[in-house]
Amino acid sequence: MKILLVNKFLYPRGGDCIHTLNLGQMLREAGHTVRFYAMDYPENIQDKDKPFFAKEINFSSASLSGKIKAAKRILWGTGVKEGFKELLKDFQPDIVHLNNIHSYLSPLVARLAHEQGIKVIWTLHDYKLLCPAYNCLCKGEVCEACFFNKKNAILRKCMKDNLPASILAWAEAKNWNKKKLMEWTDTFICPSRFMAEKMQQGGYSAEKLQIIHNFISEKQIKSDVNPSGYERENSYAYIGRLSEEKGVEPLLKAATQLPYTLYIAGTGPLKNDLVRKYTADNIVFLGHLASKDIAELLKKVSFTVIPSIWYENNPLSVIESLCYGTPVLGRNIGGIPELLETDKCNCLFERDNELPALITEMFASATSIHRGSLAATSLRRFSDKRYYQKWLQIAGRE
């Protein structure tokens, strides 16, 4: 088959980008022809289809003209249509597989592919189709008000607690609405049962939804994994974005009360404040790590922590940790519980004040963990082979 993968960025920027790139590699290895469509951006990987890409939009632009360009892209997909149509004509794909496309690209691409009779599959990486602010958070609290009335985005100033930004997000949701998106999309892939349930709660047809957990390259992990042979430190790690929805600060507060080393891998808008505020000797900020360095970190820590306060969907950091035989202490929210439910060495928590005691318990039980068994079980659950077989069924080729 010929498959066109679409994502707003095309470099290892976040979970959606990594998934898109890994999906492309997996499909090529299976014998399919794969091409990409993205926004033209300096850090994108080199790709022969760059001439078709949408021009870069700067959402931080201070100029009026820059803000207008950004608003036009968000509301109408301005700057997307011609290049995407040319790419469809040149490639003539059997399937257009969308990933994270709002704002920097546009749901317009779903309409253009649908109009040409091309099958459209859309993997959902966040809750943008239900929540104009994408993360189901309002002022630090879980919020589902916009599932049923998008005007709540304005009334609550959900987008960055900013009225103009919230009005724009509301207008975007109204234009690219549920009726249109269901008409243009053959199948929405939900990487968690939780996501599928929320999509149905928000009015999306169950017949349009399929659940497939995200995957990891089995070949890459197997060549690198001997969990029982790693010498584990008396340390633990957080790997992810340093932003409000990730709930990192309660973890840091807990770390200051404990003797164990906490590694913080990642960057984001809170980084400078957190580095300045938490200067304890047992807290180590590593900044952004490449995939190889993340693997090395996962081999040496006793476990990882996922303290997110938003509805995490299917975090790659959890899957990577488990596949390296490294247990996870995760908040009981979103799609996290279904990733951790099959092994007793993992643990869930509800409240921030539980963290110090549970972290101590995780260290106490670390020596009794059969890490090889955890890695093997996880590799089977999240293998690229298993994902591919389910993907083929959705594509209608099996």
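The values are calculated or read from the model by the stated rules, or taken from the named source; none is laboratory data. In this text, all values refer to a predicted model and were calculated from it rather than measured experimentally. Every residue, glycine among them, receives a Cβ derived from its backbone with ideal geometry; neighbour counts consider all protein chains shown. Only protein heavy atoms, including side chains, enter the accessible area calculation; ligands, DNA and RNA are left aside. Shrake-Rupley method; radii C 1.70, N 1.55, O 1.52, S 1.80 Å.
Residues in segment 44-75 that are among the charged types (D, E, K, R) and assigned to a helix (DSSP H, G or I) were compared, and the one that is modelled with the lowest pLDDT is Lys67. If you check Ser166, Ser205 for being more than 24 Å from Phe382 (Cβ to Cβ), surrounded by fewer than 18 Cβ atoms within 10 Å (Cβ to Cβ) and either in the same structural domain as Gly14 (by the TED database) or touching a His at 6+ places or on another chain (Cβ under 8 Å) (or both), only one passes: Ser205.
Any residue at all in segment 9-30 that's on the phi > 0 side of the Ramachandran plot and open to solvent by 50 Å² or more (accessible area, probe 1.4 Å)? No, there is no match, as no residue in segment 9-30 is on the phi > 0 side of the Ramachandran plot and open to solvent by 50 Å² or more (accessible area, probe 1.4 Å). All of (1) assigned to a helix (DSSP H, G or I); (2) open to solvent by less than 60 Å² (accessible area, probe 1.4 Å); (3) more than 22 Å from Trp391 (Cβ to Cβ) hold for Gly79 with one exception: (1). Glu338 fulfils the conditions (1) of a type in the set (D, E, K, R); (2) within 27 Å of Tyr127 (Cβ to Cβ); (3) assigned to a helix (DSSP H, G or I); (4) without any contact (Cβ under 8 Å) to a residue 60 or more places away in the chain except for a single criterion, (4). Would you point out the residue of segment 91-124, among those that are in a helix (DSSP H, G or I) and open to solvent by 20 Å² or more (accessible area, probe 1.4 Å), that is nearest to Asn58 (Cα to Cα)? In this case the residue turns out to be Arg111.
Which of the residues that make up segment 101-160 are without any contact (Cβ under 8 Å) to a residue 24 or more places away in the chain and aliphatic (A, V, I, L, M)? Ala145, Ala153, Ile154, Leu155 - these are the residues of segment 101-160 that are without any contact (Cβ under 8 Å) to a residue 24 or more places away in the chain and aliphatic (A, V, I, L, M). For segment 294-335, residues that are of a type outside the set (Lys, Arg) and part of a helix (DSSP H, G or I) total 13.
Would you mind stating whether Thr256 is open to solvent by 40 Å² or more (accessible area, probe 1.4 Å), hydroxyl-bearing (Ser, Thr, Tyr) and touching a residue at least 12 places away in the same chain (Cβ under 8 Å)? In short, yes. Those helices (runs of 4 or more DSSP H) of segment 341-398 in which at least 2 residues are in contact (Cβ under 8 Å) with a residue 12 or more places away in the chain and more than 25 Å from the chain's Cα centre (by Cα), considering only elements entirely within it, cover 355-365, 371-381.
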